[in-house]
1. Could you say whether any residue in segment 379-400 is of a type in the set (Lys, Arg) and under 24 Å from the mean Cα position of the chain (by Cα)?
2. Filter segment 82-120 down to the residues that are in contact with a Leu (Cβ under 7 Å, 6 or more places away or on another chain) and closer than 24 Å to Asp315 by Cα and list them by number.
3. Evaluate segment 238-252: report whether one residue or more is modelled with pLDDT under 95, charged (D, E, K, R) and assigned to a helix (DSSP H, G or I).
4. So is Gly9 assigned to a helix (DSSP H, G or I), under 30 Å from Pro155 (Cβ atoms), small (Gly, Ala, Ser) and modelled with pLDDT under 50 or not?
5. Hey, among Ala352, Ala398, which residue is in a helix (DSSP H, G or I) and open to solvent by 10 Å² or more (accessible area, probe 1.4 Å)?
6. Considering only segment 132-148, how many residues are open to solvent by 10 Å² or more (accessible area, probe 1.4 Å) and within 23 Å of His341 (Cα to Cα)?
7. Identify, please: which residue in segment 283-313 is outside any helix (DSSP H, G or I) and open to solvent by 100 Å² or more (accessible area, probe 1.4 Å) and is, among those, nearest to Leu151 (Cα to Cα)?
8. Do we have Arg233 as out of contact with any helix residue (DSSP H, G or I) (no Cβ under 6 Å at 6 or more places or on another chain), basic (Lys, Arg), farther than 26 Å from Ser295 by Cα and buried (at least 17 other Cβ atoms within 10 Å of the Cβ) here?
Amino acid sequence: MRRLITAAGAAAAVAGCVAGLLLLGPDTSRPSATTAPAGASSEGAGSADTTRKRTETHPDDPTAWADLAHAEIERARTTLDAGLLDRADTALRRSLALDGTDNYRAVTGRGLLANARHDFGEGRLHGLRATRMAPDRPDGYAVLADAEIQLGNYPQARHAVQRMLDLAPATAAYSRAAYDLETGGRPEDAAIALQRAVDSAVTQDERAFAEARLGDLAWSRGEIDRAARHYGRALGAVPAHPYGQAGLARVAAARGHPDKALELYTRLVERMPLPQFLLESLDLRRASGHPHRGSERAVLAAQLRMARADDGPVDPHLILYAADHGDPEVAVELARREWKHVRSVIVADALAWSLHRAGRDTEALTYARRAAATGWKNALFRYHRGTIEQSLALPEGARRLSEAHALNPYLSLYRPDAEG
């Protein structure tokens, strides 16, 4: 089975911050079509093929090997193929063997690689080292921001993102700022940041990523026509873009075409069996009362067995699958394991829901409140918390469930037990 990057490892930017302002600054993106994006992919690495040829021509050039590593990590992010990270690791070892003292490019590469492999503590150390080596270069702050978010250090993450915006306001910085703003409860400002990410995109992959995120943002607010436009643009930039295709499946389901949606999911998971896509397909099949069983359950069950056996990072969607369709005690086991390494609000929500499904609502509420700490207007989080509160006979549970359905009226399509 091909190894795929988990949801957190694939994200260019993830959760958000608690309070305060994130200043996007003036819109400098539109006139600068040739401006390089800030952050992880910014410093001219080029494609993996191009950089590999450079290492063949200049085998003793540490920068060429570091650039190859960055290109492989970027390719892993866009294809979700974790096997490419091993190639990046090899290239970085070669780069550091040639220059182990003043090799900024390799240090940021080590940080990106650690984050992609869910070793966020190591990613943070590399990010801090890079920002000390070169305080006025943005890539170290990108590594640091991603690690701090996953470790639950939201104020520190916001500081790093703000520094990126100040140094190089381009796609990588705007994408991270958007995540910060969305999870901080400011979806309108997040949309502005994402539009700037689109406008400043240099590559089609960057454009597709930002457009798909705009689609997700619209979907999360029940704006399916707007979501469809953005998902369509993502697919226009990168045909078969996985998050664009999954988005159009959600839109089809919301428009009352579950068969079309399931067909899109089927094609998607055949080539990219991520737990998120498999779980959405499984839940939609159940919610729509579809007469045919798909292969999602078997694939997810196999991934669950692998996750328990290899002691590695666990995708939160796999935890939710175990909670709702498998053994809730297994979900708790995996969620607790992930919580030891990742303190994001997403993992807090998955742990809360697992505990609820295992019948431990008092403890579940503690984590549901942690998931809500950033102020993210997330329908699923509110649904989970409201359900837990109702189980504890707390009066705010009903209000929370109403808020969840008001945020996204299509929630019940993927939560068959969540009647809208």
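The values are calculated or read from the model by the stated rules, or taken from the named source; none is laboratory data. Because the structure is a prediction, the values reported are computed rather than measured. Cβ: placed from backbone, ideal geometry, glycine included. Neighbour counts: every protein chain shown. Please note that ligands, DNA and RNA were not included when accessible areas were found on the heavy atoms of the full protein model with its side chains. Shrake-Rupley method; radii C 1.70, N 1.55, O 1.52, S 1.80 Å.
1. The answer is yes, given that some residue of segment 379-400 is of a type in the set (Lys, Arg) and under 24 Å from the mean Cα position of the chain (by Cα).
2. From segment 82-120, those in contact with a Leu (Cβ under 7 Å, 6 or more places away or on another chain) are 82, 85, 88-89, 91-92, 103, 106, 109-110, 113, 116-117, 120; that's our starting set.
Correct list: Ala82, Leu85, Ala88, Asp89, Gly109, Arg110, Leu113, Ala116, Arg117, Phe120.
3. No, that holds for no residue.
4. yes
5. Unique residue meeting the criteria: Ala398.
6. Qualifying residue count, segment 132-148: 3.
7. So, considering only residues that are outside any helix (DSSP H, G or I) and open to solvent by 100 Å² or more (accessible area, probe 1.4 Å), the one nearest to Leu151 (Cα to Cα) is Asp311.
8. Numbers: out of contact with any helix residue (DSSP H, G or I) (no Cβ under 6 Å at 6 or more places or on another chain): no; basic (Lys, Arg): yes; farther than 26 Å from Ser295 by Cα: yes; buried (at least 17 other Cβ atoms within 10 Å of the Cβ): yes.
When the stated conditions are applied, Arg233 does not pass them.
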